[in-house]
1. Could you please tell me which pairs satisfy a Cβ distance under 9 Å, a separation of 6+ or placement on different chains, a first residue in segment 67-80 that is closer than 18 Å to P120 by Cβ and in contact (Cβ under 8 Å) with a residue 24 or more places away in the chain, and a second residue that is open to solvent by less than 50 Å² (accessible area, probe 1.4 Å) and of a type in the set (S, T, N, Q)?
2. Please specify each residue of segment 167-197 satisfying the condition of being touching a residue at least 24 places away in the same chain (Cβ under 8 Å), more than 24 Å from A40 (Cα to Cα) and either aliphatic (A, V, I, L, M) or not in a helix (DSSP H, G or I) (or both).
3. Return the pairs, sorted by first residue and then second, in which the second residue is open to solvent by 70 Å² or more (accessible area, probe 1.4 Å) and hydrophobic (A, V, I, L, M, F, W, C), the first residue lies in segment 35-54 and is in contact (Cβ under 8 Å) with a residue 12 or more places away in the chain, the beta carbons are less than 9 Å apart, and the residues are 6+ apart or on different chains.
4. Can you tell me which residues in segment 205-231 are open to solvent by 20 Å² or more (accessible area, probe 1.4 Å) and more than 17 Å from Q277 (Cα to Cα)?
5. Please pick out the residue among D27, D43, D54 that is farther than 24 Å from V100 by Cβ, modelled with pLDDT of 90 or more and not aromatic (F, W, Y).
6. List pairs: first in segment 132-145 and open to solvent by 20 Å² or more (accessible area, probe 1.4 Å) and assigned to a loop (DSSP other than H, G, I, E, B), second at pLDDT 90 or above and not aliphatic (A, V, I, L, M), Cβ under 7 Å, 6+ apart or cross-chain?
7. Taking G171 as the residue in question, decide whether it is open to solvent by less than 50 Å² (accessible area, probe 1.4 Å), of a type outside the set (A, V, I, L, M, F, W, C) and at pLDDT 90 or above.
8. Need the failing condition index for R7 against (1) out of contact with any Gly (no Cβ under 7 Å at 6 or more places or on another chain); (2) open to solvent by 30 Å² or more (accessible area, probe 1.4 Å), just the number.
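The values are calculated or read from the model by the stated rules, or taken from the named source; none is laboratory data. Every value quoted in this text rests on a predicted model; they were computed, and no experiment measured them. Cβ placement follows ideal geometry from the backbone for every residue including glycine, while neighbour counts extend to all protein chains displayed. When the accessible area is computed, the model is the full protein with side chains, heavy atoms only, and any ligands, DNA or RNA have been set aside. Shrake-Rupley method; radii C 1.70, N 1.55, O 1.52, S 1.80 Å.
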Amino acid sequence: MTILCVRFQLPPMHEAALPGLLGLLEDFTPVVQALPPDGALVDLRGAERYFGRDAVELASVIRVRALAHHGVDCVIGAGPGPMLARVALRDARPGVTCAVPEEPDAVAEFLAGKPVGALPGVGAATARTLCEYGLDTLGLVAAAPLSTLQRLVGVKVGRELREKASGIDRGRVVPNAVSRSLATERPFTRDELDPDRHRHALLSAAEELGARLRALDKVCRTLTLTARYADLPHSRTGSSGGTPISTTRSRTLKEPTAHSAALTRAAYGMYDALGLQRARVRALALRAEGLDPAERASHQLSFDPLDEKARRIEEVADRARAKFGPHAVMPGALARRLGLSWPTAA
């Protein structure tokens, strides 16, 4: 076991503490991949030899240091690869590291009873398709004929799914920095039931992210939505404690973009997919991830004059905001609610 998946138990809306916690992990190894808003992957192959301890022992040291220096507890999964470490994290709890054995037979046994949704990258739609055909556990997926999986979910996805369900982990930890993402949040002054206000918050957040990306000459490849709810006894996790419950969804964009309209459409799509109905929402947050220089991004040419017009208007609006302030130009829907503006967070 050489890979750790660490999730820090940060208070809601305190992801600004993540860079300091990543620095703690980098005291053990430079191979750290940030998983905003509250996690990281850590490759300890060199650290195990240097410190003379295995990954589980080092995980205990990391947990103690996080508590001592930052007052933050964490849950940790360990495995031979990043995918297996992420799966192990689901069974971890504070104070106890869940570790996946390295032997192939033990890995297969560990995965066999897990639901298909436990695999990183398997979304709700793919899981639903597999479950409709009785493939509701990873053991059943691993035993299914490859041709069957490929007919159900596609050639490439079917092959990768069968490999992962069989315990074949081809992933690696890619060192990055939390600065490779931008985040903004919209907390409500009260637990908010109104879907229209939710959508206005998302519109405001997407407009801000788009403007910040364009100011930095960056584009993003992935957009992540986090919805935090009031903690009710009948909430979806069944908890009645004091910590708000949250749901996080990510969507890979059709093409890397800093176009506010494209970000807004993606945010609305993820929000609609949550099916919140009358959920009491405390805050909504958007994060743009996978940032790349805009000059390296490709853009699919469009014959839609409205799209080209919107992009030209966006350029003019950015110049106006840079000269006269962030509220100089904004969508009409936001202008009508200017008195209900939200604070933002980087």
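1. V75/T97; I76/T97; G77/T97; A78/T2; A78/T97; G79/T2; P80/T2
2. Correct list: R186, P187, F188, D191, E192, L193.
3. Every condition considered, the pairs that remain are L44/F51.
4. Residues of segment 205-231 open to solvent by 20 Å² or more (accessible area, probe 1.4 Å): 207-208, 211-212, 214-218, 221-222, 228, 231.
Across segment 205-231, the qualifying residues are E207, E208, A211, R212, R214, A215, L216, D217, K218, R221, T222.
5. Details: D43 fails: farther than 24 Å from V100 by Cβ; D54 fails: farther than 24 Å from V100 by Cβ.
The conditions single out D27.
6. Listed by first residue and then by second, the contacts come to D136/P115.
7. Answer is no for this residue.
8. R7 satisfies every listed condition except (1).
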